[in-house]
């Protein structure tokens with residue numbers, strides 16, 4: 001081999017080795033990067049078994065064939081796929097990198113959305129809980145401080161006091177739970193006509209009751225605190241009132257009693273000396289009061305107005321009865337001058353009204369019932385009301401069966417037997433309500449002489465003739481009793 005040939009062969013060998021080393025480095029680098037990308041991709045998935053199996057595989061490296069002769073040098077340089085290999089690996093890497101970026105962005109977006117969702121949920125829950133808590137607090141603040149309280153608290157509201165100042169006074173006396181709530185509640189309800197003066201209030205009163213009470217005129221001087229209340233129901237008889245005055249309705253405790261007794265009440269309303277004092281004090285009301293020998297059971301029957309009455313530790317039995325008489329006198333003031341024009345006195349008005357009270361329940365029914373009574377009185381026809389008979393039998397106010405009511409003894413010997421006796425009874429049979437008094441005073445003008453109530457519905461049916469009335473009785477009373 002010539003020297004030139006040997007030099008050329010050596011150069012070819014050197015060049016070949018250099019090319020091979022560069023190819024090995026390129027392939028090793030490409031394979032390593034590709035493996036790293038695959039590992040990154042697989043690590044983001046949950047299929048770990050596949051990841052383990054894939055990692056156990058041998059990463060193939062590209063191994064080009066040896067160049068046997070230097071004469072192939074130019075061919076090697078031209079044909080060796082260096083650039084295509086490199087480009088292919090770059091093309092493999094770029095999509096994977098974009099995929100990783102997209103997955104990372106999606107993961108970050110999902111995480112951000114979850115965080116926002118959790119924060120918004122927490123904020124909404126906080127707002128709801130806060131709102132509910134505020135509602136419960138306000139509701140509680142509007143309720144009585146102590147619903148079972150019986151003692152009265154005396155407060156003074158100075159003249160010119162603002163709602164805010166009144167709220168502070170009430171809070172200081174432990175009558176309300178929160179002055180701010182009282183202040184805003186009063187403004188919301190337009191309670192802005194509070195009056196100055198002294199008031200006897202209770203912890204059992206709600207904010208609304210307190211606000212309404214303070215809009216009434218207070219007293220100029222301090223008054224004895226209210227110890228309790230008694231309730232006289234519309235249509236009560238004297239005997240029923242005697243029991244009612246023993247119950248203190250100022251509290252929710254039904255066992256709470258007043259200092260009064262039924263015996264003391266009955267003794268007072270039958271005390272002639274007391275009655276005469278009342279006649280002198282209320283001449284318009286009691287000027288036509290039945291005489292003691294008129295046949296009435298109680299002279300003051302029907303004259304005690306049904307209402308709720310306060311009493312203090314200083315209230316006497318006579319004082320309580322006088323409150324009831326004074327209330328009736330006050331209610332009848334508009335009628336006193338007009339009664340004479342109608343040919344009635346107070347006793348006659350209250351006597352008729354006591355029947356109307358018990359016979360009817362609606363204002364319209366009561367006006368028609370009153371017209372029946374007036375029509376009968378005008379022709380001298382007995383009133384024929386079972387109410388008066390029950391009173392004569394001491395059963396008025398008691399529960400009776402339909403059969404007992406239908407078979408009532410209409411022949412009983414009593415001045416209250418208005419089946420036999422024409423005209424009115426000697427006096428009222430119960431305390432009529434203002435509604436019954438008004439219906440009697442302003443009765444309808446009708447041609448009715450009869451009425452009967454359906455024993456099951458309470459509806460009242462009127463008739464102008466006895467025949468029509470008997471049909472109503474058979475239809476609305478007898479047929480239902482027999483069944």
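The values are calculated or read from the model by the stated rules, or taken from the named source; none is laboratory data. Fair warning: this is a prediction, and the values are worked out from it, not measured in the lab. We place every Cβ from the backbone using ideal geometry, glycine too, and count neighbours over all the protein chains shown.
Are there any helices (runs of 4 or more DSSP H) wholly within the stretch 203-312 with 3 or more residues that are more than 26 Å from residue 334 (Cβ to Cβ), and if so which?
So the answer is 207-213, 238-244, 262-269, 272-281.
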Note to self: So, residue 367, is that one surrounded by 15 or more Cβ atoms within 10 Å (Cβ to Cβ) and closer than 18 Å to residue 445 by Cα or not?
What the structure shows: yes
Margin query: Quick check on the stretch 440-455. Is at least one of its residues touching a helix residue (DSSP H, G or I) at 6+ places or on another chain (Cβ under 9 Å), in a helix (DSSP H, G or I), modelled with pLDDT of 95 or more and closer than 13 Å to residue 369 by Cβ?
Written below: yes
Check: Are there any pairs, at least 6 apart or on different chains, whose C-beta atoms fall under 9 Å, with the first in the stretch 397-411 and free of Cβ contacts under 8 Å to residues at least 12 places away in the same chain and the second assigned to a loop (DSSP other than H, G, I, E, B), and if so, which?
Finding: 400/408; 404/395; 411/417; 411/419; 411/420
Notebook entry, point to check: Residue check: is residue 233 surrounded by fewer than 17 Cβ atoms within 10 Å (Cβ to Cβ), outside the structural domain of residue 435 (by TED's automatic domain parsing), within 23 Å of residue 322 (Cα to Cα) and touching a residue at least 24 places away in the same chain (Cβ under 8 Å)?
Noted result: yes
Note to self: Test of understanding: among 436, 463, which residue is under 20 Å from residue 390 (Cα atoms) and in contact with a helix residue (DSSP H, G or I) (Cβ under 6 Å, 6 or more places away or on another chain)?
What the structure shows: 436
Next item on the list: Scan the stretch 166-202 residue by residue and report those that are within 24 Å of the chain's Cα centre (by Cα) and without any contact (Cβ under 8 Å) to a residue 12 or more places away in the chain.
Entry: 184, 188, 190
Next item on the list: For the stretch 428-453, enumerate the residues that are in contact with a strand residue (DSSP E or B) (Cβ under 7 Å, 6 or more places away or on another chain) and under 26 Å from residue 237 (Cα atoms).
Entry: 450, 451, 452, 453
Next item on the list: Can you give me the number of residues within the stretch 313-359 that are over 24 Å from residue 224 (Cα atoms) and part of a loop (DSSP other than H, G, I, E, B)?
Entry: 6
Note to self: Considering only residues that are under 37 Å from the mean Cα position of the chain (by Cα) and crowded, with 18+ Cβ neighbours inside 10 Å, which ones fall in the stretch 299-309?
What the structure shows: 304, 305, 306, 307, 309
